[in-house]
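First the structure, in the form of structure tokens, and then the observations on it.
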Amino acid sequence: MPAKEVSIAIIGAGGVGKCFLSQLSSLAVRRPSPKINLCYIATSRKALYNDDYSPIAVDGAIDALASSTKSPLDLPKAIEYFAAAPTKVVLVDNTSSQDVAEAYPLALSRGVSIVTPNKKAFSGSYKLWQDIFSAAESSGAKVYHESSVGAGLPVISTLKDLVDTGDKVTKIEGVFSGTMSFLFNSFAPLEGQGGQWSSEVKKAKELGYTEPDPRDDLNGLDVARKLTILARLAGLPVESPTSFPVQSLIPKQLESCSSGDEFLQKLPEFDSEMEQTKASAEKSGKVVRFVGSIDVASKQVKVGLEMFDRSHPIAALKGSDNIISFYTERYGSNPLIVQGAGAGGDVTAMGVTADLIKVLSQIS
Ligand SMILES: NC(=O)c1ccc[n+]([C@@H]2O[C@H](COP(=O)([O-])OP(=O)(O)OC[C@H]3O[C@@H](n4cnc5c(N)ncnc54)[C@H](OP(=O)(O)O)[C@@H]3O)[C@@H](O)[C@H]2O)c1
């Protein structure tokens with residue numbers, strides 16, 4: 001007899017979490033079955049839940065959470081609470097927390113399914129990756145993380161379908177960071193000159209495209225994490241996001257700046273290096289872009305600057321879009337390409353909601 005009710009527990013109610021709640025509210029209207037009960041919602045400081053699991057109203061949950069006097073349960077206790085619920089529970093992790101990520105094996109082993117845009121669990125140690133999928137395998141709980149690469153773009157599901165249907169993926173290449181996309185599309189555009197590197201970084205920060213300290217984007221680690229996830233799904237047992245070459249765009253001398261502001265102030269002193277890179281690309285009729293690639297056959301994963309012909313789809317990218325090309329035996333020399341917005345609350349939450357729908361159809 002299929003379960004007609006499923007409970008949802010949400011950890012994280014920031015940009016993505018708020019958009020997810022709004023999509024959850026309209027999902028309940030479009031798909032009345034199974035009935036979705038919100039049983040828990042928490043940030044790092046507050047929580048909302050009822051000991052008897054009586055549902056929390058989705059509409060108004062953010063305001064109710066803000067005025068709640070309850071503290072979040074610590075993770076083992078929260079998992080205990082989810083596992084003891086009268087219905088199956090799906091945990092939606094809308095944080096970027098390593099601690100929450102490390103609790104996935106426990107949650108899954110207790111039958112709690114997980115959907116998340118959080119990269120940390122899937123791009124941390126290979127052992128954590130193995131623990132997550134073996135816990136899911138033995139309990140039957142589900143785990144989906146589409147939005148951990150390319151936000152709502154169908155990147156992970158596409159790669160899984162290619163692999164599961166027996167295609168041979170030979171190479172994956174693309175622009176995996178909205179910030180890097182924006183920076184290079186304005187620093188070295190196909191049309192026109194483009195600005196100075198340091199002015200483009202400053203502009204990107206002012207427009208909210210970078211992390212508060214732009215070095216957190218320029219160090220390449222965010223891209224390396226996404227590549228780690230895709231490489232593992234393609235069958236390469238990549239140990240960690242620091243186990244392959246990652247080019248950082250932070251000049252050595254500015255690594256020790258004490259703040260993002262000090263970094264931005266000193267960055268113009270290093271503009272000539274990036275100018276030279278841009279000029280040498282132009283000389284050969286190319287443009288420079290910050291890309292990640294996985295060569296499956298030679299097991300090589302790398303992240304950094306590369307030159308592309310002006311007619312290449314990576315060169316023609318616009319704004320802060322992502323582009324991911326899958327080269328496979330079936331697709332031959334014309335790769336399967338996924339392209340579009342790779343960041344933003346609504347599109348990221350869409351990937352989370354779509355994952356939730358998949359889980360609901362499997363567990364209810
Ligand atoms: N925004 C995007 O465009 C985008 C795109 C792709 C993927 N993602 C991923 O989506 C996730 C959420 O991103 P976001 O932009 O929504 O982040 P955010 O605005 O910073 O929100 C994070 C939320 O998680 C909560 N949180 C953090 N650590 C926690 C912990 N240990 N326990 C409980 N709650 C905790 C925060 O609560 P406090 O406020 O109390 O700290 C906050 O409510 C991240 O993993 C991010 O990488 C985001």
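The values are calculated or read from the model by the stated rules, or taken from the named source; none is laboratory data. Everything numeric in this text was worked out from a predicted model, so none of it was measured. All Cβ positions, even for glycine, are placed from backbone atoms using ideal geometry, and neighbour counts span all protein chains on display.
Values as computed for the structure displayed
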item: Subset tally (residues that are farther than 26 Å from VAL296 by Cβ and either in contact with a strand residue (DSSP E or B) (Cβ under 7 Å, 6 or more places away or on another chain) or part of a loop (DSSP other than H, G, I, E, B) (or both)) for the range 318-364; result: 13
item: Unmet criterion (only one of (1) modelled with pLDDT under 95; (2) under 30 Å from SER139 (Cβ atoms); (3) within 15 Å of the ligand (Cβ to nearest atom)) for SER364; result: (3)
item: Residue check, VAL287 crowded, with 16+ Cβ neighbours inside 10 Å and more than 16 Å from the ligand (Cβ to nearest atom); result: yes
item: Which numbered condition ASN118 misses (of (1) touching a Leu at 6+ places or on another chain (Cβ under 9 Å); (2) crowded, with 22+ Cβ neighbours inside 10 Å; (3) not acidic (Asp, Glu)); result: (1)
item: Selection count, the range 67-112, where residues are within 10 Å of the ligand (Cβ to nearest atom) and of a type in the set (Asp, Glu); result: 3
item: Set ILE56, ILE36, ILE8: member being closer than 23 Å to VAL100 by Cβ and either without any contact (Cβ under 8 Å) to a residue 24 or more places away in the chain or within 12 Å of the ligand (Cβ to nearest atom) (or both); result: ILE56
item: Complete set of residues in the range 14-33 that are among the basic types (Lys, Arg) and either within 8 Å of the ligand (Cβ to nearest atom) or modelled with pLDDT of 95 or more (or both); result: LYS18
item: Candidates THR116, THR95 - the one that is touching a His at 6+ places or on another chain (Cβ under 6 Å), touching a residue at least 40 places away in the same chain (Cβ under 8 Å) and within 23 Å of LEU227 (Cα to Cα); result: THR116
item: Selection from the range 137-185 of residues that are among the polar types (S, T, N, Q) and in a helix (DSSP H, G or I); result: SER138, SER139, SER147, SER148, SER157, THR158, THR179, SER181, ASN185
item: Options VAL155, VAL175, VAL115: the member that is of a type in the set (Val, Ile, Thr), within 16 Å of the ligand (Cβ to nearest atom) and farther than 28 Å from PRO214 by Cα; result: VAL115
item: ALA349 being within 23 Å of the chain's Cα centre (by Cα), within 21 Å of GLY178 (Cα to Cα), within 16 Å of the ligand (Cβ to nearest atom) and at pLDDT below 95; result: no
item: Candidates SER113, SER147, filtered to the one that is of a type outside the set (Val, Ile, Thr) and within 25 Å of ASN322 (Cα to Cα); result: SER147
item: Hits in the range 39-53 - residues which are more than 15 Å from the ligand (Cβ to nearest atom) and touching a helix residue (DSSP H, G or I) at 6+ places or on another chain (Cβ under 9 Å); result: CYS39, ASP51, TYR53
item: Hits in the range 130-182 (condition: more than 29 Å from LEU106 (Cβ to Cβ), in contact with a strand residue (DSSP E or B) (Cβ under 9 Å, 6 or more places away or on another chain) and of a type in the set (Gly, Ala, Ser)); result: GLY174, SER177, GLY178, SER181
item: Members of the range 118-129 found to be away from the ligand (no atom under 16 Å from the Cβ) and either assigned to a loop (DSSP other than H, G, I, E, B) or within 19 Å of the chain's Cα centre (by Cα) (or both), listed by number; result: SER125, TYR126, TRP129
